[in-house]
Structure formats: C-alpha cells, structure tokens
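Here is the structure we will look at, set down as structure tokens.
The values are calculated or read from the model by the stated rules, or taken from the named source; none is laboratory data. It should be emphasised that the depicted structure is a prediction, and the values quoted were computed from it without experimental measurement. In this analysis, Cβ positions are derived from the backbone assuming ideal geometry, glycine residues included, and neighbour counts consider all displayed protein chains.
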Amino acid sequence: MSIPGKRPKLIGTDLDGTIVRDYSGVSKRTVEAFQRAHEMGIEIFYVTGRPPRWMPEIRETFGLGNAICANGAILFDLMNDRVLEEWLMPIDEQKEVVKILRQHIPNISFAIEYNNEFHHEVAYVPRWDVGVDLAPVEKIEEKMTQPAFKMLARCSNYDLTSDQMLLIAHQVVGELATVTHSNPSESILEISAIGVSKGETLSKMAARAGIGPEDAVTFGDNPNDFSMLRWAHRSWAMGDAHPETKNHAKSVADLHTEDGVAKVIEQLLELPE
C-alpha cells in the first residue's frame, strides 16, 4: 500500500521489539534504511525505555542519530555519550507512589534508576541488569536519596500481568506519576515523573527543530510508545505489537522480525520533499 504525503523531516522509533530483535540485534536492511534517511537530512530519534548505559550498542550499530531514553525522562547525546537534559521524579513523589502501590498490588517489589545507577530490592529479580546492583536492599526507600529518572515495579510471583498491574496503577497513582510498561509478559511497570512520556519529549525536540507532527513519523510496539504514536500524523504499530498498539497508531507495519520499519522507511524516502 502506498504512503500518502511528503517525505518526513523526523523519524522517531522505539528500539526493542520495533527495530531491535531479541537475539539477532538490528538487521543490515534496517541500518541501511536509517543511514539513507540520515543522509537525506531527516532527523533520527531513537526513543526508548532503555537507560543511557544500554545505548552503546545502538551507537556502534548505527553511528548516527539522537536519543531519548527512559521513556522520555532523558535527552541523551548518543554520539558523545552525554546526558543533555533530564525530567526527574522528586523523592517525595517516589515514596508516595511506592507506598500506594504496596497497598494495592500484592507481592510487588521495586527498583530505581538515577545518574548511572540501578538499585533494587532483594525481592526484585532483575532480568537485564543482572549483577549491576551488588547490594540490594529490603526496601527501596533506602535508595530514594535523589530525584530519579525511572522506577520499576515487578509483581514478584507473576500473579498479575503487566497489563493488569498497569490498570491498577493508573487508577491509584495516575495523578502522581506516569506509569506504563514495555513488556506484557514480564509482570512489570515503568514509572516516571508525571507528564513525562516518549511523546511529550519527542514533541519538544521536534518543536526545537521547527518540526511539527505533520512532518514526523513514529514506530512502536508497546504501551510506552502510545504517546508518540498518537502525536505523529503518520505512525505505525508493529505487526507483532501489543494488541492495543494499533488503536494508537495510524497504520500497521510488518513484523519487527521481518524488517517492518525498514520497509516503511524505504517507501517514505521515495516521497517528494
């Protein structure tokens, strides 16, 4: 199906489950599509839930582009490995959110991220940052010593899915924090300061470059991508995305394992300026 409109001025894409495959990384076709877009003057933003410490492989793979990390909480200079701006969660709000979620979600445990640090409770079993925090604590409040770019909460016995946890969290702390997730099978929540999201930060960066949603395209696969999929006038949910993603995007791409994003970008680059 042909894509209407003009060539975009900005591409905003999620990473994991969108252009990054679980085990095989990023395909050559995807890298070449982004490199060609960059050469044609299109702004590239990798908009991810990842913290900056997880970004070196993206820098090495693409060698270009800008980054928005931690679901919109960090503007990151990818090429120079520098945090440029942060939108952080105050300590008192961290404590209040944890207090309330403990009351409403059984067997919940927490982790917290600030600076280049990751801390977690004994009950919180990391799946990706294994070995980073060598001294876990009984209660995460012990590590709430400064504003954080992200907190995580896990249902330690997996009794609730991420979607079930998210529904509860929206009801009980939705006015205190931005709560989302990027993995429906992990019984996990990702928590940021109120008003912080991928879409909010991407729209700010686009505005600084004089680019509006009509000249932007976005790609994503999970609830933490919904805000940027809604913001862009042309946006794509991955074919193997969370079932709700298509309700926030304007179109659906092929599976992320079948170079869905690259296929769309190749068509976009054929459009007139």
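Entry remark, segment 172-189: residues being over 16 Å from S109 (Cβ atoms) and in contact with a His (Cβ under 8 Å, 6 or more places away or on another chain) number 2 in total.
Selection of first residues in segment 239-257 that are in the same structural domain as N224 (by TED's automatic domain parsing) and in contact (Cβ under 8 Å) with a residue 60 or more places away in the chain and of second residues that are among the acidic types (D, E) and buried (at least 20 other Cβ atoms within 10 Å of the Cβ), restricted to Cβ pairs under 6 Å at least 6 apart or on distinct chains, gives the following pairs, ordered by first then second residue: A241/D221. Among the residues of segment 2-37, just one is of a type in the set (A, V, I, L, M), over 30 Å from E117 (Cα atoms), out of contact with any Asp or Glu (no Cβ under 7 Å at 6 or more places or on another chain) and buried (at least 20 other Cβ atoms within 10 Å of the Cβ), namely A37.
Checking each residue in segment 179-237 for being in contact with a Cys (Cβ under 9 Å, 6 or more places away or on another chain), closer than 14 Å to N71 by Cβ and surrounded by fewer than 24 Cβ atoms within 10 Å (Cβ to Cβ) picks out only I188. When you check L84 against the structure, is it without any contact (Cβ under 8 Å) to a residue 40 or more places away in the chain, exposed (fewer than 15 other Cβ atoms within 10 Å of the Cβ) and among the aliphatic types (A, V, I, L, M), yes or no? Here the answer is yes, as L84 does meet what is asked.
Picking from residues in segment 38-73 that are in contact with a Lys or Arg (Cβ under 7 Å, 6 or more places away or on another chain) and assigned to a strand (DSSP E or B), the one that is surrounded by the fewest Cβ atoms within 10 Å (Cβ to Cβ) is E43. Kindly check whether there is at least one residue in segment 188-201 that is within 22 Å of P51 (Cβ to Cβ), free of Cβ contacts under 8 Å to residues at least 12 places away in the same chain and not acidic (D, E). Looking for residues that are within 22 Å of P51 (Cβ to Cβ), free of Cβ contacts under 8 Å to residues at least 12 places away in the same chain and not acidic (D, E), one finds none in segment 188-201, hence no. Of all the residues in segment 90-124, those that are in contact with a Ser or Thr (Cβ under 7 Å, 6 or more places away or on another chain) and either surrounded by fewer than 19 Cβ atoms within 10 Å (Cβ to Cβ) or among the acidic types (D, E) (or both) number 3. Scanning segment 183-234 for residues that are in contact with an Asp or Glu (Cβ under 7 Å, 6 or more places away or on another chain) and of a type in the set (F, W, Y) turns up just one, F219. Going through (1) part of a loop (DSSP other than H, G, I, E, B); (2) more than 28 Å from N116 (Cα to Cα) one by one, S185 falls short only on (2).
Yes or no: segment 45-59 includes at least one residue that is farther than 16 Å from M205 by Cα and more than 18 Å from the chain's Cα centre (by Cα).
Kept after step one, since they are farther than 16 Å from M205 by Cα, are these residues of segment 45-59: 49-59.
Remaining after also requiring more than 18 Å from the chain's Cα centre (by Cα): none.
No; the residues of segment 45-59 include none that is farther than 16 Å from M205 by Cα and more than 18 Å from the chain's Cα centre (by Cα).
Among the residues of segment 152-161, are any modelled with pLDDT of 95 or more, in contact with a Pro (Cβ under 6 Å, 6 or more places away or on another chain) and more than 19 Å from G195 (Cβ to Cβ)? Checked segment 152-161: no residue is modelled with pLDDT of 95 or more, in contact with a Pro (Cβ under 6 Å, 6 or more places away or on another chain) and more than 19 Å from G195 (Cβ to Cβ).
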